[in-house]
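Comments concern the structure below.
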Amino acid sequence: MGRLDYEKDMMIDEMALDVECLNQPRLMMFYAEEAAKVRGALDSAKEGLDIIEAETDAEIRKDPEKFGISKITEAAIKGAITLDADCQEARRKFLNLKMEADLVSAAQRALDARKKMLELLVQLHGQQYFAGPKVPRDISAEARKRMETNMSNEKVKSAMRRNK
């Protein structure tokens, strides 16, 4: 399986929410396909491991001395299977694929969280959360200015009446 860029795929550009929302289904499908591929490979690896272990078990029972076993017991057979190089390699492959399957599964859960976060960010955007700061109105200053303007207008009117 190729290396996926989980961290990059989970990032959200809050300045391009429209693009992120449009990209979300593609990402979800991509990771669903990756999960299916990894699960298929994991199933094949498990089947291969089971076959190698069964073949090794049969070889041990046929010729126990070849594997250093003097008396055949289930524990001795199990130990010889565990030490067999082919079995170890098949087990290592299975465990690596299991780890990858777990990571893809975690990425799918993270994409669900990403979807929810996109929904919340769009809501916040609709509520103007990201709008620039608004300067609060200073009502008392506005009232003072209005009073000064009114007083100034009265003085002008009064002066005009006197000059008539």
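The values are calculated or read from the model by the stated rules, or taken from the named source; none is laboratory data. Please read these numbers as outputs of a predicted model, since none were measured by experiment. Cβ: placed from backbone, ideal geometry, glycine included. Neighbour counts: every protein chain shown.
If I filter the range 26-83 down to residues being in contact with a Pro (Cβ under 9 Å, 6 or more places away or on another chain) and assigned to a helix (DSSP H, G or I), which single residue comes out as surrounded by the most Cβ atoms within 10 Å (Cβ to Cβ)? Result: A80. Which one of the conditions (1) among the aliphatic types (A, V, I, L, M); (2) touching a residue at least 24 places away in the same chain (Cβ under 8 Å); (3) not in a helix (DSSP H, G or I) does M117 fail to meet, given that it meets all the rest? Single failed check for M117: (3).
Total residues in the range 58-94 satisfying the condition of being closer than 22 Å to A41 by Cβ and either among the β-branched types (V, I, T) or in contact with a Leu (Cβ under 9 Å, 6 or more places away or on another chain) (or both): the figure is 5. I need the full set of residues from the range 126-156 which are among the hydroxyl-bearing types (S, T, Y) and part of a loop (DSSP other than H, G, I, E, B), in order please. Hit for the range 126-156 is Y129, nothing else. Only one entry in Q123, Q88 is surrounded by 13 or more Cβ atoms within 10 Å (Cβ to Cβ), without any contact (Cβ under 8 Å) to a residue 12 or more places away in the chain and outside any loop (DSSP other than H, G, I, E, B), namely Q88. Report yes if D43 is in contact (Cβ under 8 Å) with a residue 24 or more places away in the chain and over 16 Å from the mean Cα position of the chain (by Cα), otherwise no. No: the conditions fail for D43. Selection of first residues in the range 1-25 that are farther than 24 Å from S105 by Cβ and of second residues that are in a loop (DSSP other than H, G, I, E, B) and at pLDDT 90 or above, restricted to Cβ pairs under 8 Å at least 6 apart or on distinct chains, gives the following pairs, ordered by first then second residue: V19/D13. The set of residues from the range 14-49 being basic (K, R) and closer than 25 Å to R92 by Cβ comprises K37, R39, K46.
Can you name the residue in the range 1-25 that is among the acidic types (D, E) and in a helix (DSSP H, G or I) and, of all such residues, is farthest from N96 (Cα to Cα)? Result: D18. Touching a helix residue (DSSP H, G or I) at 6+ places or on another chain (Cβ under 6 Å) and closer than 30 Å to Y31 by Cβ: is that true of A90 in this structure? The answer is yes for A90.
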